[in-house]
Structure formats: C-alpha cells, structure tokens
1. What is the gain in length, in nm to one decimal, between residue 84 and residue 280 on full extension, counting 0.36 nm per residue of separation less the C-alpha to C-alpha distance?
2. What is the fewest-to-most order of 189, 284 by other Cβ atoms lying within 10 Å of their Cβ?
3. Roughly what % of DSSP beta bridges within the range 133-196 run antiparallel, to the nearest 5?
4. Taking 7 Å along the Cα-to-C-beta vector as the label spot, tell me the residue 180-residue 61 distance in nanometres, rounded to one decimal.
5. May I ask you to work out the translational diffusion coefficient for the range 133-196 at 37 °C, viscosity 0.692 mPa s, via Stokes-Einstein with Rh from the Kirkwood sum over Cα pairs, reported in whole µm²/s?
6. Taking the number of other C-beta atoms within 10 Å as the exposure measure, put 87, 301 in order starting with the fewest.
7. Can you compute the FRET efficiency between residue 298 and residue 134 using 1/(1 + (r/R0)^6), with r the Cβ-Cβ distance and R0 = 35 Å? Round to the nearest 0.05.
8. Quickly work out the residue 369-to-residue 261 label distance, labels modelled 7 Å from Cα along the C-beta direction, and quote it in nm with one decimal.
C-alpha cells in the first residue's frame, strides 16, 4: 500500500490480521512520526487441559465448585440483560440492579412494594433501598458540575454504587484546598455519599514516555464505517494524541493506517483507519495463549454489565486478566502528568481486573459459553497499588474501561462480529 505523500511513517509490529487486539508500540519520536501497531497472533492452547482463570475466579469469590462457576459464567450475559430491562421498567421506583457476588442471583433495589412485586415477577430478588437511581444520578451530576468549576483535588473518581445505594467518591492520599472543597461539597449530601480512601497512584494505561523508551497502547476491536463499510480499529482516545500525519504500522513496517477520529477527554475512545488490503480484520479477541481459555475468543455482539459482573480484558502488558465490575458510569478526574490532554472523562466502568501501562485500548469482554465473547469496551486507566506495575492477586488496584456502545455511536462504526 502506498503511503500518502507528505505523511511521515514509523515502523512497528508483526501483522497477523484477524485478531481484534493490536499492540500499539513504537519508539519515542518527533512530532509527526508514525506510531507502530502489532496485531498479536492467537497462540494454540496447550495440549494439557488447564483451568479457565475466569471460572477459577468465580469459584474462589463465591466459594463454589468450578462446575457451578462455569454455569454461572454462561448465565451472566442473560442476567445482565434482564437487570437492565428491569431497571428500565422500574424507572424512578428502582435503585439499580446488580449480581449477588455469593449466589450469582440478580438483585434489584426497590423503593416500594409495587416495585418489589414487579422486580420479583421479572425474575430479580427485590432489595428495599431509600434512594432511587435518579436521585443518586442527580447527586453525581452535581459533583460533576462542582468539579468542572472548582476541580476535584485528590478525589480521582466518583460514581453510583447501587449495592450500597450511595454515590461513592474515591480519594487518593494527600490533600489540598481543592480536595477539601470537593469533599465538603460531596459530604453536603449526607449519607447518600460515601468517601473511600485509596492508596496508590492513578495513571492511564499508556506506556510511560521517556527518551529512547518504547511507547504505545493495545488496540481493541475491529469495526466498520457505517456508511462506507471501510475497516477500522477501535482504540482508547488518549492513545491517539499524535498528529494526523502519524502512520500506524505493524512492527515489521507493514502500513495499517492513520487516525480516523479521536474523542478525548470527556470520552476516551477513537479509531484508526485500516487502509491495508493485506490486513484481514476479524471479529476476534486474542487471549495470548492463556491456559484454559480459547484463543481467540469470538465476538458475537456488544453487551453491558451490572455491578459484580465478572469480566475479562486483554492488554499488551498485563495480558488476559479477569476481574469484577464495581461501579458503572463513573467520572474519572484528570491527573497532571497522567492523563495527557487533561479534562474529566465521564461514563467509565470501574473494575478490578489487572491493567498495566501498555494495556490502554485493549478489549474488555463479557465471556459466554466456550469461545463466545461480548464486547464491553476498551481499557482506559488504572489506580495502581504496586509501584513495579506487576499484577498480584488481591492487590490489583482499580481499573476503568470506556463502554463500547457510545464509542461505536460517536465514531460512526459497527462492531465486526462472527
């Protein structure tokens, strides 16, 4: 493929196409240089049968057998869909739905007996609450407005926790005038707000940029333009802050394409055009040969989640890791020197699957039966407790992803599925 005249080019990666996860890698270069991407090949599973790490996580968390955990994994997509349906029906009479981490049952917060009867009839366990999702959303939006006008200091994120029926504010160590002001505004809402201290460091999950170091991200899903059907790759928006003349190539220099659209901050997603006819995009996500997991996973559709949903993510640095969703629709605050471009990012989903620098943009999926997966979004940021960027069980910190549905809509693309 010819390179467009006047555009600079930078080498990068190995190209196998047909896998949705691409490694965006390269060497620190002057403005206008190309950035590399690598499409990682699926690795054949080992000959011995290994335990599925997601099934093991569910079994360990719930205290059940792996056989029971495997059934729960398969049931999750349908329960999540039902939970969102119930929330829509209840409206102002509901406090949101979630999955019970111990039993796997669908629970729904209800404000009155009529709502409880509706939730029960639709298949959920009704749980009495005192605040509706609408009320908690109004508080969250008020904090968004305060933060835009005054900053949030060391408060790094806030969102609704339907399990506790509160708006949860996460605060990093340290304080300053902006932190004091934001927390005063939050606490003015009384028991409807919970302040949760968090040790660690907030970072996006793009690799550090230092002279001579490799930099980059992981790309998430193959998509197509809604009008032209031209292929593109969905990635995190903060991975696309370079100039429009930056060419993304494979590690061995095969050209892929240029930045198509970028939405960051406010949201955190964007697309790279796939201009190389030799690259065949597929509706797949690699699992990096993780024992016990099919490689690749086959993407069937998009999906959403509820709190306590077990999810998995792919990333160049941390690999294929699984965890649990805790909050939906969180606001993540800008951190100087951490989120390039500054500005708040809204609508993020918070979870605890391990992400590390280099994982930004990687696929986040809801597993179904066998090799089936449903696209949830792309990795965006993490709150790291371990300074050496390793993934230790029980100390993964907090991670976020950008939900896929608004990303597809804003980029004017459809997801490639199989």
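1. Once the chain is fully extended between residue 84 and residue 280, it gains 67.1 nm.
2. 189, 284
3. Given both bridge residues lie in the range 133-196, the antiparallel proportion sits at roughly 60 percent.
4. 3.9
5. Answer, rounded: 286 µm²/s.
6. 301, 87
7. 0.40
8. Result for the modelled spin labels: 3.5 nm.
Readers should treat all values here as calculations from the given coordinates under stated rules, not as data from a laboratory. None of these values were measured; they are calculated from a predicted model. Methodologically, a virtual Cβ is constructed for each residue, glycine included, from the backbone with ideal geometry; neighbour enumeration extends over all protein chains shown.
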